[in-house]
Amino acid sequence: MLVVGEYSVDAIELGAGGYGAVYKGKETATGKPVAVKVLSHGRMRVAAIQHEVKLMQNARHKHVIELYVHIQQEDKSFLVMELAEHGELFSRVIDKGNLDEPEAKVYFAQIMGALDFLHGRGIAHRDLKLENVLLDAQDNCKICDFGLAHQYDFDASGKMIKTTLRDICGSKSYAAPEVLAGRGYDGFATDVWSCGIVRAAAPRPR
């Protein structure tokens, strides 16, 4: 067991990606369960990690995974986050053979509510998919993984400055056509496209 600051990290892996992995952990003093994302500085630039941390700090919403603390060491960064005990929405869909329509409607409304909040803060997620929506102990949706998210700037009056994005990112099965084609795109519009794919994948076929 690894001890990082006021938290202990178990060997139980909850998920893994190209830049690191997420493990189950707990707050040492209280025993409160947490999720700990471990990112290697050799695989992901420190500036990119700090960008993700800043976005998550600006994205506090009941349907977005909460970041508790960021602990940076010489060769690794640890993002201590809220634990979504029921795992990925993707796993729920696979286990149930898709979802019943009423259940899918509740999940979709929660995802869209969180997305509306993020867009209001100038944040385009850019990697929305079933695997990046988690379920807490009460089966509430929580959007996670802001590694590819973009933060739009605001001018002195508070008006958002919408620039055209051009970098190709996200998951091919969920990405909008203009992203895959390498054309300029609106990050908010492509998030909505990805949400549509999530919605189409969730309900049980009639």
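The values are calculated or read from the model by the stated rules, or taken from the named source; none is laboratory data. Predicted, not measured: the structure shown is a model, and the values here were computed from it. A quick note on method: Cβ atoms are made from the backbone with ideal geometry, for glycine too, and the neighbour counts reach across all protein chains shown.
Of (1) touching a residue at least 24 places away in the same chain (Cβ under 8 Å); (2) within 15 Å of Val4 (Cα to Cα); (3) not hydrophobic (A, V, I, L, M, F, W, C), Gly31 satisfies all except one. Which?
If we test Gly31 against (1) touching a residue at least 24 places away in the same chain (Cβ under 8 Å); (2) within 15 Å of Val4 (Cα to Cα); (3) not hydrophobic (A, V, I, L, M, F, W, C), just (1) comes out false.
Any chance the range 175-190 includes a residue that's in a strand (DSSP E or B) and modelled with pLDDT of 95 or more?
yes
Report yes if Ser157 is among the hydroxyl-bearing types (Ser, Thr, Tyr) and surrounded by 13 or more Cβ atoms within 10 Å (Cβ to Cβ), otherwise no.
Against the criterion (among the hydroxyl-bearing types (Ser, Thr, Tyr) and surrounded by 13 or more Cβ atoms within 10 Å (Cβ to Cβ)), Ser157 does not qualify.
List the pairs whose first member sits in the range 164-189 and is closer than 13 Å to Ala149 by Cα, whose second member is crowded, with 19+ Cβ neighbours inside 10 Å and aromatic (Phe, Trp, Tyr), and whose Cβ atoms are under 6 Å apart, counting only residues at least 6 apart or on separate chains?
Leu165/Tyr185
From the list Glu88, Glu13, which one is crowded, with 18+ Cβ neighbours inside 10 Å and of a type in the set (D, E, K, R)?
Sole residue among the options that is crowded, with 18+ Cβ neighbours inside 10 Å and of a type in the set (D, E, K, R): Glu88.
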